[in-house]
1. Would you confirm whether or not the range 101-121 contains a residue that is at pLDDT 95 or above, buried (at least 16 other Cβ atoms within 10 Å of the Cβ) and hydroxyl-bearing (Ser, Thr, Tyr)?
2. What number of residues within the range 143-167 satisfy the criterion of being surrounded by 12 or more Cβ atoms within 10 Å (Cβ to Cβ) and without any contact (Cβ under 8 Å) to a residue 24 or more places away in the chain?
3. Where residues in the range 65-93 are over 16 Å from the mean Cα position of the chain (by Cα) and modelled with pLDDT of 95 or more, which of them is nearest to residue 32 (Cα to Cα)?
4. When both residues are 6+ apart or on different chains and their Cβ atoms are under 7 Å apart, which pairs have a first residue that lies in the range 22-33 and is without any contact (Cβ under 8 Å) to a residue 60 or more places away in the chain, and a second that is small (Gly, Ala, Ser) and surrounded by 15 or more Cβ atoms within 10 Å (Cβ to Cβ)?
5. Does the range 140-159 hold any residues that are more than 30 Å from residue 102 (Cβ to Cβ) and in a strand (DSSP E or B), and which are they?
6. Just give me the residues in the range 57-73 being touching a residue at least 60 places away in the same chain (Cβ under 8 Å) and of a type in the set (A, V, I, L, M, F, W, C), in sequence order.
7. Among the residues of the range 14-36, how many are more than 15 Å from residue 48 (Cα to Cα) and either assigned to a loop (DSSP other than H, G, I, E, B) or among the basic types (Lys, Arg) (or both)?
Amino acid sequence: PHSSLSHMMGVLTRFLGAPDEAFLIGTSGTINYDALARFANQNEPRILFGTALAFLNLIEQNESIPALPPGSWLFETGGYKGTGRTLEKTEFYQQLEQNFAVPADHIINEYAMTELSSQFYTSGLHHPHRAPHWLRARVINPATNTEVADGESGVLHITDLANLGSCLAVATRDLAVRRGTDFELTGRDPDALPRGCSRTADELLNS
């Protein structure tokens, strides 16, 4: 309940008039497999939202995961770097494809954080994260505090003009490769404090 991502999903479900079982993870930390089956057993495309660690928990619990209807999408966010997991994004997306019958180019990733009012999005593999024009990300060399050249790696510094009531700029410990004015997220500084909404879901499911 204290996660900004949970708040975001709550606002979205109320806006859409979604049913009570729209949330598939209960407060007890268990996945509602019956609701998931009803969600997937439809004749029209669906979109299933979840944190990366919630999807991994669902797959690793070895329950029968229903394939989603053709044309469906997955939306994943939160990441899992800093949790001791070594799963690469390509392998993670292969598992999502196999278990949900959704192609990689129908998997959306959101990169966001509590400190920002805006979000970055990408879909599929090896595509840069993009953002609205009022949001700017720079990939910085932490040793020189200068922006790296195109194709080089560094840490993300983000300026969000929508942050009217708080700090405009955030220096993250997230790692990325510069792709022109966009970036390709690669992980998190291993020495940084683990953070993220995905960890909250992981703790709930493993409590």
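1. Yes, some residue in the range 101-121 is at pLDDT 95 or above, buried (at least 16 other Cβ atoms within 10 Å of the Cβ) and hydroxyl-bearing (Ser, Thr, Tyr).
2. Residues meeting the conditions: 1.
3. So the first thing to find is which residues in the range 65-93 are over 16 Å from the mean Cα position of the chain (by Cα), and the list is 65-72, 84, 86.
Of the ones still in play, those that are also modelled with pLDDT of 95 or more are 68-72.
Working: 68: 16, 69: 19, 70: 22, 71: 23, 72: 20 Å.
Filtering the range 65-93 for residues that are over 16 Å from the mean Cα position of the chain (by Cα) and modelled with pLDDT of 95 or more, the one nearest to residue 32 (Cα to Cα) comes out as 68.
4. Listed by first residue and then by second, the contacts come to 24/35.
5. Hits for the range 140-159 are 140, 141, 146, 147, 154, 155, 157, 159.
6. So the first thing to find is which residues in the range 57-73 are touching a residue at least 60 places away in the same chain (Cβ under 8 Å), and the list is 57.
None - no residue of the range 57-73 is touching a residue at least 60 places away in the same chain (Cβ under 8 Å) and of a type in the set (A, V, I, L, M, F, W, C), so the list stays empty.
7. 7
Conditions tested, residue by residue: (1) open to solvent by 40 Å² or more (accessible area, probe 1.4 Å); (2) of a type in the set (S, T, N, Q); (3) modelled with pLDDT of 85 or more.
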site: 2; (1), (2), (3): yes, no, no
site: 21; (1), (2), (3): yes, no, no
site: 42; (1), (2), (3): yes, yes, yes
site: 45; (1), (2), (3): yes, no, yes
site: 55; (1), (2), (3): no, no, yes
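The values are calculated or read from the model by the stated rules, or taken from the named source; none is laboratory data. None of these values were measured; they are calculated from a predicted model. Using ideal geometry, Cβ is built from the backbone for each residue, glycine included, and neighbour counts are taken over all protein chains shown. Accessible surface areas use protein heavy atoms only, side chains included; no ligands, DNA or RNA. Shrake-Rupley method; radii C 1.70, N 1.55, O 1.52, S 1.80 Å.
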